[in-house]
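The values are calculated or read from the model by the stated rules, or taken from the named source; none is laboratory data. These numbers were taken from a predicted model, which means no experiment stands behind them. Cβ coordinates were reconstructed from backbone atoms using ideal geometry, including for glycine residues, and neighbour counts include every protein chain displayed. Surface areas here come from the heavy atoms of the whole protein model, side chains and all, with no ligands, DNA or RNA. Shrake-Rupley method; radii C 1.70, N 1.55, O 1.52, S 1.80 Å.
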Amino acid sequence: MFSMNFVITLTSNPLTYELHPELVDRVEQLLFSKGVTFCSNKWLAPGMAVEINFCGLPGDVAFDAVKLLLERIPIDKNIQENANRRKKMLIADMDSTILEIETLDEIGRAIGKANEISVITEKAMNGEIDFETALKRRVRLLAGLHIDDMVGLVLERLAVAQGAQTLVKTMKAYGAATALVSGGFTVITELIREHLNFDISFGNTLATNISTITGELEPPVIDAKAKAVILENEREKLKISRNEILAVGDGANDIPMLEIAGLGVGFRPKPVVKAHTSNIIEHCDLTGLLFLQGYSDTEFVS
């Protein structure tokens, strides 16, 4: 354990807080004071991302000390073993992760049912009601809407999260498979898959009667369990291990997927997610997932 090599990655939003060498020195001095035998740093992006390699101290002990030192500074702090960091597959949630919006909430806003829908969304994302129940309740509120109108409403409000395109393009350029897995609707997931060039996408299928939404879903429902199953199925197809997968999401229905991936990251996660994943990005954009894998900004494909 003690001889193991660890890496702490610090990432930030440079508009809020710019990382600087003095801060890195303070972290390294702290690590040496705790008994590390070796320490070195590498800047991945000026002012935005740096990694600190060390050995000679258990990872959790080092990390707790660093977290305490930096707790008042708005930066992301993550730790991993420094081996096999570049993943061969990205599996990403869509709403509030790859997209800045919750598509169902936006549809609700457009059709005058914002409050009813967003209250259910919030409860589901926080794990207060199970995802399938919440989804079915919200879908009932869409009954009578023309599917093309619904897609139009989402497209008008579409906001792709910063760094999403760079994340997908870079991982693909370095040979990784990419999957978009969402509890949202296939008519939207397919659009986003094409727009960002994900290899595959999974979502829920709205039942329609001559293009009018009936308020029901076609089985099977993509919920928390299904997301984890999809990860396993795709892993087997690619003949890779769980350790070679990066999963990212923000809500309760992402937890099983995040827990079984080699690198499961909560991106601006709901409180319930923080309790289940040790890797969290709250300040940096989605390129933070590339920094966690040791990519520097000079390797990005945008």
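Model label sites at Glu22 and Val272, defined 7 Å from Cα along the beta-carbon direction, differ in position by 4.3 nm. In whole percent, and with a 1.4 Å probe on the protein chains, what portion of the accessible area of the chain is carbon and sulfur? Carbon-and-sulfur percentage of accessible area, whole number: 50.
At 222 nm, what helix-only mean residue ellipticity would the chain give, in deg cm²/dmol to the nearest 500, using -39500 (n - 2.57) for each DSSP H run of four or more?
Details: 12 runs with 117 residues, N = 302.
The per-residue figure over the chain is -11500 deg cm²/dmol.
Counting only DSSP beta bridges with both residues in the chain, what percent are antiparallel, rounded to the nearest 5? Show your work: numbers first, answer last.
Numbers: 26 of 45 bridges.
The antiparallel proportion sits near 60 percent.
At each listed q (0.09, 0.11, 0.16 Å⁻¹), what is the log10 of I(q)/I(0) that the Debye formula gives for the chain modelled as equal alpha-carbon point scatterers? Once normalised to I(0) and log-transformed, intensities are -0.46, -0.67, -1.25. Across the stretch 197-302, the convex hull enclosing all Cα atoms gives 151 Å³ per residue.
What share of Cα pairs, in percent, lie more than 23 angstrom apart in the stretch 138-251?
Values: 2321 of 6441 pairs.
Tail fraction, whole percent: 36.
The base-10 log of I(q)/I(0) for the stretch 1-105, evaluated at q = 0.13, 0.14 Å⁻¹, reads -0.55, -0.62 [Debye formula, identical scatterers on Cα atoms, solvent excluded].
Among the trypsin sites (Lys or Arg not before Pro) within the stretch 191-291, those in coil by DSSP and having at most 12 neighbouring Cβ atoms inside 10 Å are Lys239. The value for the stretch 51-99 of Rg(Cα) / (2.2 N^0.38 Å) is 1.50.
Solvent-accessible surface of the stretch 111-267, averaged per residue with a 1.4 angstrom probe and all protein chains in place: 43 square angstrom.
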